Amino acid sequence: MAAAAASAALLFALAACSSDAPEAAPTASDTQAVQVSDEACADDAGITVAVDASALEDGDSKSWCIETDETLAAADALTLVNVTTEGTEEYGDQVVCRVNGVPAEDQAITADDGSEYFETCESMPAAFAYWSLWIKPAEGEWGYAEEGLSTLELEPGEGLELLFTLNGEPAAPTS
């Protein structure tokens, strides 16, 4: 497995040095001049990023528009709108446990049965209280992202949402 990863890294490095290599997607440091507004993008202009924690007590929903006509890595899009994520001890960044510190480790989350749950980010979050990653293609419908933040790339016109679901609500993005 390590040999395959090393081979892939070597191939990537060689491709990056090649004059025929495609231009890489801009990173947050490359796109400092990109305009970001505090609302979803109109029509299919730019990339919309949303975080919805409204299922939690005192949780809110926020959207941004990254005005770009370039492909952008999802992780870079989150950096541009100042959204941070935290993974779990067991699964690392493959599982989103907290977004901008929410839910806090000392925040009681009430299950349907009335019991209180506290998210520790040790392993998988509870099946009734979790963050999910959604993607909306240009002029399409929201669907679960088929890859994680570290590999997902966004095209202009697409939307990305981190949605906190508590006791089955909301089941999908509403925007």
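Values for this structure:
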{"quantity": "Members of segment 146-157 found to be touching a strand residue (DSSP E or B) at 6+ places or on another chain (Cβ under 6 Å) and crowded, with 19+ Cβ neighbours inside 10 Å, listed by number", "calculated": "Leu154"}
{"quantity": "Every pair of residues 6+ apart whose Cβ atoms lie under 8 Å, when the first sits in segment 92-120 and is within 12 Å of Leu56 (Cβ to Cβ) and loosely packed, with under 14 Cβ neighbours inside 10 Å while the second is modelled with pLDDT of 95 or more and among the basic types (Lys, Arg)", "calculated": "Ala104/Arg98"}
{"quantity": "All positions within segment 92-123 that are assigned to a loop (DSSP other than H, G, I, E, B), more than 16 Å from the chain's Cα centre (by Cα) and either at positive phi or not polar (S, T, N, Q) (or both)", "calculated": "Ala104, Glu105, Asp106, Ala108, Ala111, Asp112, Asp113, Gly114, Phe118, Glu119, Cys121, Glu122"}
{"quantity": "Those residues of segment 33-44 which are in a loop (DSSP other than H, G, I, E, B) and either surrounded by fewer than 13 Cβ atoms within 10 Å (Cβ to Cβ) or touching a Phe, Trp or Tyr at 6+ places or on another chain (Cβ under 6 Å) (or both), in sequence order", "calculated": "Ala33, Asp38, Glu39, Ala42, Asp43"}
{"quantity": "The lone exception for Asp69 - which of (1) within 23 Å of Gly157 (Cβ to Cβ); (2) in contact with a strand residue (DSSP E or B) (Cβ under 9 Å, 6 or more places away or on another chain); (3) surrounded by fewer than 16 Cβ atoms within 10 Å (Cβ to Cβ) it fails", "calculated": "(2)"}
{"quantity": "Residues (touching a residue at least 60 places away in the same chain (Cβ under 8 Å) and of a type in the set (Phe, Trp, Tyr)) located in segment 82-91", "calculated": "none"}
{"quantity": "Residue match in segment 11-25 (condition: out of contact with any Asp or Glu (no Cβ under 6 Å at 6 or more places or on another chain), at pLDDT below 90, surrounded by 11 or more Cβ atoms within 10 Å (Cβ to Cβ) and of a type in the set (D, E, K, R))", "calculated": "no"}
{"quantity": "Filtered residues of segment 130-174 (kept if under 13 Å from Asp52 (Cα atoms) and more than 16 Å from the chain's Cα centre (by Cα))", "calculated": "Leu166, Glu169, Pro170, Ala171, Thr174"}
{"quantity": "Failed item, numbered, when Thr79 is tested on (1) touching a residue at least 40 places away in the same chain (Cβ under 8 Å); (2) β-branched (Val, Ile, Thr); (3) part of a loop (DSSP other than H, G, I, E, B)", "calculated": "(3)"}
{"quantity": "In segment 131-175, the residues that are part of a strand (DSSP E or B) and either of a type in the set (Lys, Arg) or without any contact (Cβ under 8 Å) to a residue 12 or more places away in the chain (or both)", "calculated": "Lys136, Gly143"}
{"quantity": "Residue match in segment 113-131 (condition: at pLDDT below 95, farther than 23 Å from Glu169 by Cβ and among the charged types (D, E, K, R))", "calculated": "no"}
{"quantity": "Failed condition for Asp60, given (1) without any contact (Cβ under 8 Å) to a residue 12 or more places away in the chain; (2) over 16 Å from Leu163 (Cβ atoms)", "calculated": "(2)"}
{"quantity": "Subset of segment 45-59 [surrounded by 15 or more Cβ atoms within 10 Å (Cβ to Cβ) and not hydrophobic (A, V, I, L, M, F, W, C)]", "calculated": "Gly46, Thr48, Asp52, Ser54, Gly59"}
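The values are calculated or read from the model by the stated rules, or taken from the named source; none is laboratory data. Note that the coordinates shown come from a computational prediction; the quantities given were computed from them, not determined experimentally. Reconstructed Cβ throughout: ideal geometry from the backbone, glycine too, with neighbour counts over all protein chains shown.
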